[in-house]
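Taking it in order: structure first as structure tokens, then the write-up.
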Amino acid sequence: MTMQPNSLSTASAKPDARKREMLFHEIRAALHNPDVLEDNILLNYVAALEKMLAAYDHVPILHYYIALASVRYAIRCINRDDEVGTERSFETAMSHLEKALTMKSDLAEAHILEAYIYAQRIIANPAEVMKYALRIAEILGKAKITDPNNPRLHLVEGITSFLIPESFGGGLKKALEALNRAEQSFKTYQLESPMFPDWGKEEVYAWLGKIAFEEENYGLAKQYYQHALSIKPDYDWVKNTLMVELNQKR
């Protein structure tokens with residue numbers, strides 16, 4: 001029996017293989033709620049996933065999750081102005097996304113995460129927005145071909161449109177339209193496999209709140225932020241940054 005390209009299961013189902021698969025699903029779930037993880041736990045998860053490559057280097061989705069874990073850590077580095085850690089983590093993420101796409105060029109989730117990385121780079125250094133704007137559009141265009149209804153596609157399109165000026169193809173109107181599509185897509189989207197990612201729903205409402213805040217509709221912004229927290233109560237960015245910013249305006 002041949003192992004599927006996005007599967008960690010084996011025909012023999014040996015105990016060590018079952019343990020690896022259980023660990024994988026534990027890590028997958030944890031990466032969908034990373035704010036509750038200590039730094040060392042997050043880094044240990046990266047190491048555990050990398051260790052699995054000894055047996056499953058040919059599984060694209062495993063490389064994807066190493067990239068996702070690295071991105072989660074990079075965002076923490078951005079928040080504490082750790083430029084070295086940020087760059088190292090993004091480089092690790094990009095390396096594994098390239099490997100995943102080499103094995104499966106139509107893996108939309110990998111394209112979407114790559115665009116998300118560029119969005120985080122813009123957040124870290126807004127002066128580089130023009131450096132990445134065209135690249136983001138190109139990458140998301142590839143994802144649209146293979147998975148046009150993916151909610152993370154619309155989420156990342158919304159984030160990047162928020163960050164990119166209207167004169168260069170972004171703007172609040174375009175961001176709002178994309179985030180509304182993401183909200184609807186999350187209600188109906190079916191995962192290709194239980195191994196596939198399912199992150200981002202709460203982030204849609206955080207960015208919808210950001211748009212409302214920019215438009216000085218603070219009541220609506222609060223509603224969106226509260227909705228995000230109802231999905232993920234430990235959402236650090238909303239609790240300790242966006243809500244604080246909002247309360248200073250009210």
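The values are calculated or read from the model by the stated rules, or taken from the named source; none is laboratory data. Fair warning: this is a prediction, and the values are worked out from it, not measured in the lab. FYI the Cβ positions are ideal-geometry reconstructions off the backbone, even for glycines, and counts take in every protein chain you see.
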Subject >> Members of region 69-99 found to be among the β-branched types (Val, Ile, Thr) and more than 15 Å from Pro34 (Cβ to Cβ), listed by number >> reply: Val84, Thr86, Thr92
**OP:** Check region 115-126 and report whether any residue there is of a type outside the set (Gly, Ala, Ser), free of Cβ contacts under 8 Å to residues at least 24 places away in the same chain and farther than 25 Å from Ser185 by Cα.
**Re:** yes
Subject >> Counted residues, region 122-133 - those being surrounded by 12 or more Cβ atoms within 10 Å (Cβ to Cβ) and either part of a helix (DSSP H, G or I) or within 17 Å of the chain's Cα centre (by Cα) (or both) >> reply: 8
**OP:** Have a look at Ile139, Ile164, Ile159 and point out the one that is modelled with pLDDT of 95 or more, among the aliphatic types (A, V, I, L, M) and over 17 Å from the mean Cα position of the chain (by Cα).
**Re:** Ile164
Subject >> Of residues in region 210-234 being in contact with a Phe, Trp or Tyr (Cβ under 9 Å, 6 or more places away or on another chain) and touching a residue at least 40 places away in the same chain (Cβ under 8 Å), the one farthest from Ala178 (Cα to Cα) >> reply: Glu214
**OP:** From Leu37, Leu62, grab the single residue that is over 23 Å from His111 (Cβ atoms), surrounded by 19 or more Cβ atoms within 10 Å (Cβ to Cβ) and out of contact with any Gly (no Cβ under 6 Å at 6 or more places or on another chain).
**Re:** Leu37
Subject >> Subset tally (residues that are more than 16 Å from the chain's Cα centre (by Cα) and hydrophobic (A, V, I, L, M, F, W, C)) for region 59-83 >> reply: 1
